[in-house]
Amino acid sequence: MSRAVLLLALLVTGVLAQADEPILLGRRLEVFVDDHFVASTSGDLRRVVHQPRAEEVVLVTDQPWEGNTCAYYTLFHDGELFRMYYRGSHADEQTKKSAHREVTCYAESHDGIHWTKPELGLIEWDGSTKNNIVWDGVGGHNFTPFKDPNPAAPPEARYKALASGTGVGKGLYAFQSPDGLRWSMMQSTPVITKGAFDSQNLAFWDPVTGQYLDYHRTFVDGVRAIMTCRSEDFVNWTEPELLTYPEGTPAEHLYTNAIRLYPQRRQLFPQAPRLWIGFPTRYQPKNSQVEPIFISSRDGRHFVRSTDPVIPITAPSERDGNRSNYMANGVLALPDHPGELAVYGSEAYYAGPDSRLRRFMYRLDGFASLSAGKQGGEVLTQPFTFEGDQLILNYATHDGGSIRVELQTAEGDVIAPFDLQSCQSLQGDNTAAVVSWKLGDGLIRHAGQPVRLRFVLQNADLYSLHFRLLE
């Protein structure tokens, strides 16, 4: 066997798949939601998935075309506006049957907190067009739009959406709009037909692959699950594939998915982290209660899934009813809340004349962390290369805790003067703290070389890191 054939065989079997190739970090953000960047941990340390802080109700569905079963909210940033889309529907509280047809409603905001429902004059309801309805027809059950950043998208399709309906066939239909308000079907037949579509099925543009990604619902052995497929034109899609999880992950009903690429911060990072996150809704058939959980992936198909809810059915009130705790599709950076990210959750479903949407807040990159307790613990990263002359950490310490950092070669040798003893201990709470060492101003000399980081934490949470180049 030739050496080339042998190397190929080893790569296929995975023996050389991680052949000491360093991660090309550069100046990208790295978040500690999984073990992608972690080689080993020790001591009193574990990964924690965090819950967001509950804030105010931002929307009440109190119009005649809305009601107590409004659902499947989508929110995104668009220039000077934040846009929101959701289902307008109402059910009789006794019979649980629909009281009127389902339509797609629209709201907008300048700060993500105060939302208005403009009178758009587009769709007639009960003899008047003075309403915020943007779509009335096939797909009104779960119309899920996004703004398409694809530079090749034509003006009439600058906004796109997927939605399910019966129409001429079961499946997901494709929609387009020039302005996010006036919508039309891209074709009269479904573009995706394999799956079960009574859910918030969604899609978005992936700038790295130059393709659209879809995530939609299906069933596997009677359990609700998630599928994904890809498209170059939003009409012709690949065969859907099931999401996969690590061995031992329990089979649970996952209703919605709220999957997206990690929020970009172009003003800080030349490249966004290649990371997918999502907030699928775990459904409990015995009592029809739901609660969102957190998932993450490095390739968009194989996901790591948390077991603890990010918004429990008990927090805050009126989240424990039938299907009353969906996470909206959207993660927003609000202008008046630097250092935080906003998500939104529904409540009071079926509970009265209307339902509500509440705002929740995460710290920046605060979905999960490496968390050390009183006894302390250590983290050793995978080998990587970086660009820049400053290491920036997002962290928080508690009860007198601290974080110290050491720079090592890829083989594990300490690189002086960036040793642990020379590191200035980090304490407090900071989303962008500069790590410093005594006499350690020459970090840039090691840029481009394979290195590791060793963290020693006590009563501390480490959320993310990146390297920065001073101008």
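Readers should treat all values here as calculations from the given coordinates under stated rules, not as data from a laboratory. Everything numeric in this text was worked out from a predicted model, so none of it was measured. Virtual Cβ from ideal backbone geometry, glycine too; neighbours counted across all protein chains shown.
Listed values for the range 274-291 are Karplus-derived 3J(HN,Hα) couplings in whole Hz (6.51 cos²θ - 1.76 cosθ + 1.60, θ = phi - 60°), namely 7, 8, 9, 10, x, 10, x, 8, 7, 9, 10, x, 4, 10, 6, 7, 9, 8, and x replaces Gly and Pro. For semi-axes √(5λ) of the Cα gyration tensor in Å, one of (1) 43, 22, 19; (2) 33, 28, 22; (3) 42, 25, 21 was computed from the structure I shared and the rest are decoys. Which label? The listed entry that was calculated here is (3).
What size of dipole, in debye to the nearest 20, comes out for the chain about its Cα centre when the only charges are +1 on Lys and Arg C-beta atoms and -1 on Asp and Glu C-beta atoms?
It comes to approximately 500 debye.
Each Cα pair under 8 Å and six or more residues apart adds its separation to the average, and for the chain the resulting relative contact order is 18 percent. Simple spin-label estimate for Lys96 and Arg445 gives 7.0 nm between the two label positions (7 Å along the Cα-to-Cβ direction from each Cα).
Full extension of the chain between Leu122 and Lys194 gives 22.7 nm of extra length, using 0.36 nm per residue less the Cα-Cα distance. With a Förster radius of 35 Å applied to the beta-carbon distance between Gln390 and His110, the computed FRET efficiency rounds to 0.55. Cα centroids of the range 335-351 and the range 410-471: 34 Å apart.
Where only DSSP H runs of four or more residues are counted, the chain gives -500 deg cm²/dmol as its mean residue ellipticity at 222 nm, each run worth -39500 (n - 2.57). The range 249-293 and the range 75-98 have their alpha-carbon centroids 19 Å apart.
Please give me the summed charge of the neighbours of Pro273: other residues whose Cβ is under 14 Å from its Cβ, Lys and Arg +1, Asp and Glu -1.
So the surrounding residues net to +2.
Of the peptides 97-108, 192-203, the order by per-residue mean of other Cβ atoms within 10 Å, starting with the highest, comes out as 192-203, 97-108. Stretched out straight at 0.36 nm per residue, the stretch from Val434 to Glu55 would grow longer than its current Cα-Cα span by 133.4 nm.
With K and R counted +1 and D and E -1, the other residues having a Cβ less than 11 Å from that of Leu172 yield a net charge of +2.
For the chain, take the longest principal axis of its alpha carbons; what is the angle in degrees between that and the long axis of helix 3-13, to the nearest 10 within 0 to 90? For helix 3-13, the angle is close to 50 degrees.
Summarising the label geometry, the points placed 7 Å from Cα in the beta-carbon direction at Arg182 and Glu252 lie 4.5 nm from one another.
Between the beta carbons of Asp299 and Ser42, assuming R0 = 30 Å, the FRET efficiency works out to 0.60 to the nearest 0.05.
Using only the Cα atoms, work out Rg/Rh for the range 20-117, with Rh taken as the Kirkwood radius, to two decimals.
Here the Rg-to-Rh quotient is 1.20.
Less than 5 angstrom separates the built amide H of His90 from those of Thr69, Ala99, His100, all sequence-distant by 5 or more or on a different chain.
Arg363: net charge of surrounding residues, Cβ under 13 Å, Lys/Arg +1, Asp/Glu -1, itself excluded?
-3
Peptides 344-356, 410-422, 207-219 ranked from most to least packed give 344-356, 207-219, 410-422, packing being the mean of other C-beta atoms within 10 angstrom over each peptide's residues. Which whole-angstrom value gives the distance between the alpha carbon centres of the range 369-386 and the range 147-210? That distance is 42 Å. Of the peptides 386-393, 145-152, the order by per-residue mean of other Cβ atoms within 10 Å, starting with the highest, comes out as 386-393, 145-152.
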